[in-house]
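Taken together, the values in this text are just the output of simple stated rules run on the coordinates, not laboratory data. What you are looking at is a predicted structure, and each value in this text was computed from that prediction instead of being measured. Virtual Cβ from ideal backbone geometry, glycine too; neighbours counted across all protein chains shown.
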Amino acid sequence: MAQSSHAGSNHNAVRKDDVIQIRASAETKAILNRAASLRGQKLSEFMLDSARKQAEETILDQRAFFLDADAHEKFLDLLDPPNKSSQELRARMTRKPAWER
C-alpha cells in the first residue's frame with residue numbers, strides 16, 4: 001500500500017520492515033484465517049496481535065517480587081493452609097466442564 005505525501009499524512013508512523021516467517025499446516029492456517037475474518041482483520045494483523053498479546057502475558061507471568069523475611073513468612077502462611085471444603089467448592093470440582101456438556 002503506497003502512502004501519499006499530502007499534508008494530512010502521518011509522518012510519525014512506525015515502519016514495519018522486520019519480517020517474521022512462520023510455517024503452518026493447512027488446517028492451522030484455515031483456523032487462523034477464519035478467526036481473522038471474524039475479527040475483520042487480515043491474517044497477518046490477527047497473527048501479530050495474537051502473538052503480541054500472548055508474549056505480553058508470558059512476560060508479565062514471569063515478574064518477580066521481593067519481600068523482606070517477615071513479609072515472606074506472612075506470604076507463605078497465606079499459601080500453606082488448604083482451602084476449607086464447601087458445598088460450592090465440591091460442586092465446582094465435580095461438575096462437567098462446559099466443553100463436555
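Let me spell it out: the conditions are (1) within 30 Å of Lys16 (Cα to Cα); (2) free of Cβ contacts under 8 Å to residues at least 12 places away in the same chain; (3) in a helix (DSSP H, G or I), and Leu89 meets all of them except one. Which number is the exception?
So the condition that Leu89 fails would be (1).
When you look at Asn83, is it outside any helix (DSSP H, G or I) and either exposed (fewer than 10 other Cβ atoms within 10 Å of the Cβ) or of a type outside the set (D, E, K, R) (or both), yes or no?
Judged against the criteria, Asn83 is a match.
Every residue, every condition in (1) more than 20 Å from the chain's Cα centre (by Cα); (2) surrounded by 12 or more Cβ atoms within 10 Å (Cβ to Cβ), yes or no:
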site: Asp18; (1), (2): yes, no
site: Ile22; (1), (2): no, no
site: Leu38; (1), (2): no, no
site: Phe46; (1), (2): no, yes
site: Lys53; (1), (2): no, no
site: Glu56; (1), (2): no, no
site: Ile59; (1), (2): no, no
site: Arg63; (1), (2): no, no
